[in-house]
Amino acid sequence: MTAYQYWNPGMETMIRSELEAFQLEKLKWAVKNALRTPFYAKRLKEAGVDSPDVIKTLDDLRRIPFTTKHDLRDGFPYGFLSVPKDEIVRLHASSGTTGAPTTIYFNKEDIARWTTFVARSIYATGCNKTDVFQNMITYGLFTGGLGFHAGGEEVGMLVIPSGPGNTARQFRFMRDFGTTVLHATPSFLLHVESKMREEGVKRESLKLRKAFAGAEPYSEDTRKRIEELLKIDVYNSYGLSEMNGPGVAFECQCKNGVHLWEDGYIGEIINPDTLEPVKEGETGELTLTCLCREATPILRYRTRDLSSFYNEPCACGRTHRRLRRITGRTDDMLIINGVNLFPSQIEEVIMSMKEVGNNYLIVVEKDGALDRLTVRIEVSSAVFTDDARLLNVVKEKIRKTLQASITINPKVELHEHGSLPVSEGKAKRVQDNRPKDV
Ligand code: ADP
Ligand code: ZN
């Protein structure tokens, strides 16, 4: 039986009624901070929330209007700042996957609070101060680098700020310093594994035991694949810069959904069309209210990430609710000849097939009036031989399996191992070459 360890046992296992009372106090604090920002001073007053006292129960959260990425961009640079400029000590920006980046400011206490949530997350996976943590994610404005770095130090691990890229150097660090824990995007972890094989790095020469994988959607089969290939225990890490970065929701050792740290964030799942809450357990858009940052308060932020809450409590004893694996963003959805398709549906199918290698790319083009979907897939060298007949058999098998699942007939192209582009940060899985409507 696993002996679960808690960074902050009182908070992590607090009974729901107490946790909700805590949230209510923090929500009032967040509203008070928000009313000091130019954006919310106007937005909240228009909605009749002109004082934190209007918030009497957690249900009153629904009196607060939603905040969108668009609002954050409009508020650039200081529309969301609630403290004097000389009190802020750091800024971060989102990676700008879907447009212009947005900027978040932190004061010293904000950084300390954020760090505690990351430390709690890391500790929940069974890591401790004896671990050596190689943080293979981008440092800089992206929150993953510095966020995990600080959390790792807080736990007392030795943190190697390696950043991504240069796998030969990564392997050297792993060997020289006896790395036990990795953090990277799932796509980069798969790339590391491919390179390990290519460069003949012996797994037995490394002490790796765990990895945190996040920043982009990935399927359960991808997790299993990384775990089997790298012989490592992989934990899902969810966060976004608008809510500080990593440490928003994280898997515990039960590895069955990410615990949303509800003393730091209030999560709601809404129907993105009607903006009403979905029924318990249903999938919808995750909306988050930050309860732990003073300098840039953000309330009811529409993440565009699709997820749902588990109803059952977790075996680890934590009372903070778990979210299901995020399948993608509302704006990731492709419409192919009228059929809706999320890239994650393709990943779910192909990553469970043993013939498929570690990388793939989805290409959408116009073919006359119709849309054409091509899935480029790397296959292992065992499959990628001169035997055209074997290649065709594999191609047909993948095509048929995909078609059965997504109801679209894709073109499948097989590519040699290591030939598709690899991103050091978030993987770019979709190339939509169709002309944009104007
Ligand atoms: P950007 O919105 O520019 O990508 P961020 O760097 O803040 O900015 O990325 C946050 C987003 O990354 C999330 O909103 C989500 O879409 C995605 N993401 C982060 N972690 C995960 C995860 N574990 N699973 C799926 N998606 C994730
Ligand atoms: Zn748990």
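Using the crude model of +1 on Lys and Arg Cβ and -1 on Asp and Glu Cβ, and no other charge, please compute the dipole size for the chain relative to its Cα centre, in debye to 20.
440 debye
So how far, in whole Å, is the C-alpha centre of the stretch 49-71 from the one of the stretch 75-127?
21 Å
Which one of His183, Tyr235, Phe106 has its Cα pushed farthest toward the positive end of the charge dipole of the stretch 1-330, where Lys and Arg give +1 and Asp and Glu give -1 at the Cβ?
His183
Given the C-alpha centroids of the stretch 379-406 and the stretch 249-304, what is the distance between them in whole angstrom?
Cα centres, the stretch 379-406 to the stretch 249-304: 40 Å.
Rounded to a whole number, what % of the accessible area of the chain do carbon and sulfur atoms account for, probe 1.4 Å?
Numbers: 9870 of 18930 Å².
Its accessible area is 52 percent carbon and sulfur atoms.
Treating the beta-carbon of each Lys and Arg as +1 and of each Asp and Glu as -1, no other charges, what is the dipole magnitude of the stretch 334-432 about its Cα centre, to the nearest 20 debye? Could the numbers behind the result be given before it?
Values: 13 positive and 14 negative charges, 41 e Å.
The dipole of the stretch 334-432 has a size of about 200 debye.
Got a sec to turn the phi values of the stretch 129-136 into Karplus ³J(HN,Hα) couplings, 6.51 cos²θ - 1.76 cosθ + 1.60 with θ = phi - 60°, whole Hz, x for Gly and Pro?
Values per residue, Gly and Pro as x: 5, 7, 7, 10, 10, 9, 8, 8 Hz.
Under unit Cβ charges (Lys, Arg +1; Asp, Glu -1), what dipole magnitude, rounded to 20 debye, does the stretch 1-142 have relative to its Cα centre?
220 debye
Tell me which trypsin sites (Lys or Arg not before Pro) from the stretch 334-438 have a DSSP coil assignment and no more than 16 other beta carbons within 10 Å of their own.
Qualifying residues, ordered by number: Lys354, Lys428, Lys436.
The values are calculated or read from the model by the stated rules, or taken from the named source; none is laboratory data. Owing to the predicted nature of the structure, the values given are computational and were not obtained by experimental measurement. Counting neighbours? That spans all protein chains shown, and the Cβs are built from the backbone with ideal geometry, glycine included. Quick note on the areas: whole protein, heavy atoms, side chains included, nothing else; ligands and nucleic acids left out. Shrake-Rupley method; radii C 1.70, N 1.55, O 1.52, S 1.80 Å.
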